[in-house]
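Shown next, in structure tokens, is the structure this report addresses.
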Amino acid sequence: MANPTTHQGENPRTTRVRQVILDAAVNLLVGHGASEVTAMRIAQETGVARTTIYRHWPDQSSLLLDTVDSVVSPHAPTTVTDDLEADLAGALSSLRARMAKRPFRQLFAALLTYANQDQTFVPAQQRFVNGVLQPIHDILTAAVDRGELSPSIDVDEACATLAGPLFHQHVMLRERITDDLITSTVERFLAHEHPSALK
């Protein structure tokens, strides 16, 4: 996924202004909730003219979606090899690192809260979840393409199965995600979907 603050042919000053706007939007999302990610609030926080903000994001929905993208992008390159177990363990380890480095819990809670209150925020919540799961999705899709996993597998459901224990541990329990949790999660998944992949 490309960095949403970078546009081909864009001059450096415009890129910097976009980054200032998105940084402020992330801070508003985490600190005050999705409903506060507006051109007016960002103008108050940054001093950037509302007309400039509207030039890049004509409505709140597009601004919120790019704000979410700025948090979940860019991913580290997804490693896809012939070792499905190692690839999945690596992807879950990367997800753990992203959860620890970013205001992940606060962002997820803010998006969930406002998606429950207002359906217009549902796409932003989905965008966030799909973004953080993309590397796992890429690995599973590659495994299906090379015939290592059944073509009948529901890749989206498999992503949820693999990431679910990490979400539960970090977001719900507020506990540390251990190496043992990652290993056992991958092993349970492979034991069900591809027993011969286990070493």
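The values are calculated or read from the model by the stated rules, or taken from the named source; none is laboratory data. Everything numeric in this text was worked out from a predicted model, so none of it was measured. Cβ coordinates were reconstructed from backbone atoms using ideal geometry, including for glycine residues, and neighbour counts include every protein chain displayed. Protein only, heavy atoms only, side chains kept; ligands, DNA and RNA dropped before computing areas. Shrake-Rupley method; radii C 1.70, N 1.55, O 1.52, S 1.80 Å.
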| Using Cα atoms only, what is the angle between the long axis of helix 179-193 and the major principal axis of the chain, expressed in degrees (0 to 90) to the nearest 10? | 60 degrees
| note | Quick calc, the chain, dipole around Cα centre from Cβ unit charges on Lys, Arg (+) and Asp, Glu (-), nearest 20 debye, gives 1000 debye
| From the backbone phi of the range 162-168, what are the Karplus-calculated ³J(HN,Hα) couplings (6.51 cos²θ - 1.76 cosθ + 1.60, θ = phi - 60°) in whole Hz, Gly and Pro given as x? | 6, 7, x, x, 6, 4, 4
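Using only DSSP helix segments of four residues or longer, with each worth -39500 (n - 2.57), what per-residue ellipticity at 222 nm results for the chain after dividing by its residue count and rounding to 500?
Numbers: 9 runs with 133 residues, N = 199.
It lands at -22000 deg cm²/dmol.
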| Expressed as a whole number of Å, what is the distance separating the alpha-carbon centroids of the range 155-199 and the range 76-125? | 13 Å
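In whole percent, and with a 1.4 Å probe on the protein chains, what portion of the accessible area of the chain is carbon and sulfur? Each step should come with its number before you reach the end.
Numbers: 5360 of 10530 Å².
Accessible surface attributable to carbon and sulfur in the chain totals 51 percent.
Could you report the chain's accessible area per residue, 1.4 Å probe, as an integer in Å²? Each step should come with its number before you reach the end.
Numbers: 10530 Å² over 199 residues.
Normalised by residue count, the accessible surface of the chain is 53 Å².
Which number comes out as Rg/Rh for the chain once both Rg and the Kirkwood Rh are worked out on C-alpha atoms? Don't jump to the answer; show the numbers that get you there.
On the way: Rg = 18.7 Å, Rh = 18.2 Å.
Taking Rg over the Kirkwood Rh, I get 1.03.
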| Two-site FRET efficiency, Ser152 against Arg50, from Cβ-Cβ distance with R₀ of 41 Å, rounded to 0.05 | 0.20
| task | Please determine, in degrees from 0 to 90 and to the nearest 10, the orientation of helix 104-117 with respect to the longest principal axis defined by the Cα atoms of the chain, where the helix direction is its Cα long axis. | result | 70 degrees
| Taking the Cα atoms only, what angle lies between the long axis of helix 12-32 and the longest principal axis of the chain, rounded to 10 degrees? | 80 degrees
| Loop-resident sites, the range 96-199, for GluC sites (Glu not before Pro), counting at most 11 other Cβ within 10 Å (DSSP) | Glu175
| task | Take the Cα gyration tensor of the range 10-93, multiply each eigenvalue by 5, square-root it, and list the three semi-axes largest first, rounded to whole angstrom. | result | 33, 15, 10
